[in-house]
Amino acid sequence: MTVETGLKNRNRRRGWIILSTFAAVLLYLLLMIFLLRPIIEIPVSYQIPERQTGRPVQALYQLESVAQASGGWSPEWSWLAGDLWKEAGQPRFALPYWLAAAEKIDDASLWENIAQAGIDAADWSVAVNAWNRAVQLEPENTAAQFQRGLLMAAIDPEAALDSLIYARQETAYQELSDALRSAVTGAEDDLHRRTRIALVFVERDMWRYAHLAFEQMMMNDSDTPLVEAYYGLAADRIGGDGTAFIHSAVQRAPNNPQVRLLEGLHLRARRDDAGSIAAFTAAAALDPASPALLAELGMAYQLSGNFIAARHWYEQAAALSNNAEPFTRLLQTLNTDEQQILNELGLGADGLQPTTSPETTADPA
C-alpha cells in the first residue's frame, strides 16, 4: 500500500466519522424536540395537568412559564389563560387575554366569553361589540341573540328588536323577550320607552341591566327625579352606593310618593330602620290609597321589630286591596314570625303585654 493510498483511506474514515457524528447529533436534537413538544405546544384542548386536577392558578403559572420560554403568547395560549382566570374566579383578568386571542381567532364562543366579561366589568362598548360579532358568526344561536337583545334594549332599544324576535323561538326566552319588545314598540316617546324597558328589568330583579338603562336616561338628559331615584336604588343593588342620587331625587321632588318609596327601599337596604319608616310614612301620606305603600310601611315596622304597627298597616293594605293574596300573605307571615318569637321567649300568644305606640293608630295621611 502506497503512502498516497493510506492517506486516502484515512481521510475517508475521518469523513465517515464526521458524518456519523453529525447524524448522531441531528438525531439527538430531533429526539429532544419530539420529547419536549408536548411541554411547549399546548393546544386549546387544555392539556395541563394542574387544570385537569382543578388547580387553575397553578395552571396559569405553568402556562406563563411556557409562554416566556417560547418567546411570547400565542392566540391559543391567550384564550386558555382567559379560561383559567375565569375558572379561578377572576373574570376581569380574563378579559384582556380573551381580547388578545380574538385578534387572531374569530370564534363565536370566544366572543361570547368576551361579551359576558365586558358586562361583568361594565365595559359596555366591549360587550356590545362582542355580542354583535357572536351573533354574526352564529345567527341561529338563540342564547346569544337573547343576551344581545337584553343588552341592546338597555342601550339602543330599536337595535334590540331583531335579536329579541329571534330569541323568542326558545320557550325559556319568550316571556322576557316579549315584555321588552312591548316596551320598545308600545311607548309614545323615547323617555317612556326607556322607562318601560328599565322597569321590565326592575320587576325581574335584573339590576345590572336596570342600572344601565337608567344610566342611559341620566346621560340623555332624561334625569327626572324618579329616574334619578331609580338609578340610585339600582346602584345599591349592584353593590354601589346610591345615597347621593336618592338624596338629590328627594330634594328635587319631596312630594312624589314613588320617589319617597324608593328612598325607603334604599334606607332599608342600608339597615336604617328609623329612616326607612320615615320615608315610607311620607310616601303613604302622599298616596294613602295605595295598598303597596301601606304594605311597605308595615314591612318597615316589622323589620324594626314593631309587630303591632306592622300588623296595623298590613291590615290596612289588605282592606284597601279587598284582601288580595299578596297582602294577606304578609299578615300570615307576620303571624308566623311573631309566634316563633313568642315560642323562643317561652311565652304563649297572650304572653306579651305590648304598649300601643302613636304610630300604630295614626294614619299617614
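For the reader, a short list of remarks on this structure follows.
- If R0 is taken as 22 Å, the Cβ-Cβ distance between residue 329 and residue 204 corresponds to a FRET efficiency of 0.65.
- Highest mean first, the peptides 109-119, 145-155 sorted by other C-beta atoms within 10 Å per residue fall in the order 145-155, 109-119.
- Label-point gap, in nm, between residue 76 and residue 158 - each point 7 angstrom along Cα→Cβ: 4.5
- Fewest-first sequence of 184, 135 by Cβ atoms within 10 Å of each Cβ: 184, 135
- Take the Cα of residue 172, go 7 Å toward its beta carbon, and the backbone nitrogen atoms of region 206-222 under 20 Å from that spot belong to 206-209.
- If R0 is taken as 41 Å, the Cβ-Cβ distance between residue 93 and residue 304 corresponds to a FRET efficiency of 0.45.
- Net length gained if the chain between residue 61 and residue 185 were fully extended (0.36 nm per residue, minus Cα distance): 39.5 nm
- Each 10 Å bin, from zero up to the one with the longest distance, holds this percent of the alpha carbon pairs of region 48-151: 17, 43, 30, 11, 0.
Throughout, read-outs are computed from the coordinates displayed, never taken from laboratory work. Quick caveat: nothing in here was measured; it's all calculated off a predicted structure. Cβ sites come from the backbone with ideal geometry, for glycine too, and all protein chains shown count toward neighbours.
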